[in-house]
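Have a look at the structure below before the remarks.
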Amino acid sequence: MKVPLNGLTQGRTEFRWSVGKEFFASFENSEILDARVEVAATIEKSGRFIGVDCSVEGDVTVLCDRCFEELVLPVSTGFKLSVKFGPEPSDEGLLSEDDREIVFLSDSDTDLDLDQVVYDYVCLSLPVQRVHPEGECNPDALKYLNSESDTETLPSSDSSLPFASLKSLLGNS
């Protein structure tokens, strides 16, 4: 979503839009397969100050880390930005103020593109480990993970195995 900065009136302006599968597919290496996400942004302009308060709600579909089947996860996040014009300072401490991140735009920019920020916050809101609740993973996939019989079928002293000679070292200690 590109917010036109030139035509933005003083005071508050609200924007609402939906993002889905096509939105996330437009980013390289996106792990999000499908989505139904609603974005609501309130833009406040006061003189040269432009503040963006954004909330993101919905759900996304990713692959389960355990069974590699589709998993739907809820998304509930938000962010606050302050838009400043001019070159970005080299001091890292000046990239945020209070509870807002600062976005620097050149004086010639006419639009504020929120797509990358929305994408980043949705991805950051996802859990590190993405798995179905206990008992909901694909049982066919799990049988390969939990199979103890596979380890028993391997020959215990086959010299054709690359690490068979190391096994004898463990027994001599």
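Points worth noting:
- Pairs, first under 14 Å from Val72 (Cβ atoms) in the stretch 126-144, second of a type outside the set (A, V, I, L, M, F, W, C) and open to solvent by 60 Å² or more (accessible area, probe 1.4 Å), C-beta under 6 Å, six or more apart: Arg130/Asp65; Val131/Asp65; Val131/Arg66; Cys137/Arg66
- Checking Glu69 against (1) within 30 Å of Leu142 (Cβ to Cβ); (2) touching a Ser or Thr at 6+ places or on another chain (Cβ under 9 Å); (3) of a type in the set (Asp, Glu), the condition it does not meet: (2)
- Note on the stretch 75-90: residues that are open to solvent by less than 40 Å² (accessible area, probe 1.4 Å), out of contact with any Gly (no Cβ under 8 Å at 6 or more places or on another chain), part of a strand (DSSP E or B) and not hydroxyl-bearing (Ser, Thr, Tyr) total 2.
- Of residues in the stretch 1-57 being in a loop (DSSP other than H, G, I, E, B) and of a type in the set (S, T, N, Q), the one most open to solvent (accessible area, probe 1.4 Å): Asn29
- Failed criterion for Val72 (all others in (1) open to solvent by 80 Å² or more (accessible area, probe 1.4 Å); (2) not in a strand (DSSP E or B) hold): (2)
- Selected residue [farther than 21 Å from His132 by Cβ, in a strand (DSSP E or B) and open to solvent by less than 80 Å² (accessible area, probe 1.4 Å)] from Val62, Val103: Val103
- If the condition is being assigned to a loop (DSSP other than H, G, I, E, B) and open to solvent by less than 50 Å² (accessible area, probe 1.4 Å), then the stretch 107-131 contributes Leu114, Leu126, Arg130, Val131.
The values are calculated or read from the model by the stated rules, or taken from the named source; none is laboratory data. All figures in this text were calculated on a predicted structure; none of them were measured in a lab. All Cβ positions, glycine included, derive from the backbone under ideal geometry; neighbour counts span all protein chains shown. Accessible surface areas use protein heavy atoms only, side chains included; no ligands, DNA or RNA. Shrake-Rupley method; radii C 1.70, N 1.55, O 1.52, S 1.80 Å.
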